[in-house]
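Read through the structure below, which is laid out as structure tokens, and then see the notes.
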């Protein structure tokens with residue numbers, strides 16, 4: 001037995017970074033944009049808003065907050081020029 005020899009500690013596994021993407025419901029998006037739920041669904045169908053289905057069996061749709069902020073700015077610009 002050798003005295004004074006020790007093993008270095010094992011490296012700790014890295015934890016994945018937490019996602020900072022906030023997802024909003026159709027209702028939340030409609031309220032933020034001042035439009036109806038139907039208008040939000042149309043924006044999604046037309047590709048103006050990206051959407052995420054939360055699970056295969058769930059019909060819940062979520063929209064990234066950053067995308068909502070972007071379209072809100074575009075809508076504001078459009079209303080200023082009209």
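Values in this text are rule-based calculations from the coordinates and carry no lab data. Just so you know, these numbers come straight off a predicted model, no measurement behind them. Here Cβ is always computed from backbone atoms with ideal geometry, including for glycine, and neighbour counts include all displayed protein chains.
For q = 0.13, 0.15, 0.17, 0.24 Å⁻¹, what log10 I(q)/I(0) does segment 23-81 give under the Debye formula with an equal point scatterer on each alpha carbon and no solvent?
The computed values of log10 I(q)/I(0) come out as -0.31, -0.41, -0.52, -0.97.
Determine the gain in length on full extension of the stretch residue 52-residue 72; use 0.36 nm per residue of separation and subtract their C-alpha separation, reporting nm with one decimal. Mind showing how you got there, number by number?
Values: separation 20, 0.36 × 20 = 7.20 nm, distance 1.89 nm.
Residue separation times 0.36 nm, minus the Cα-Cα distance, leaves 5.3 nm.
Using R₀ = 35 Å, calculate the FRET efficiency as 1/(1 + (r/R₀)^6) where r is the Cβ-Cβ separation of residue 25 and residue 80; round to 0.05. If you can, show how the numbers build up before the last one.
On the way: r = 28 Å, r/R0 = 0.80.
My answer for the efficiency is 0.80.
Hey, fewest Cβ within 10 Å first, where do 59, 45 land in order?
Numbers: 59 7, 45 10.
Ordered by Cβ neighbours within 10 Å, fewest first: 59, 45.
When a footprinting reagent is the concern and you count Cβ atoms within 10 Å, what order do 80, 69 take, fewest first? Don't skip to the answer; put the middle values down first.
Working: 80 7, 69 11.
With the fewest neighbours first, 80, 69 line up as 80, 69.
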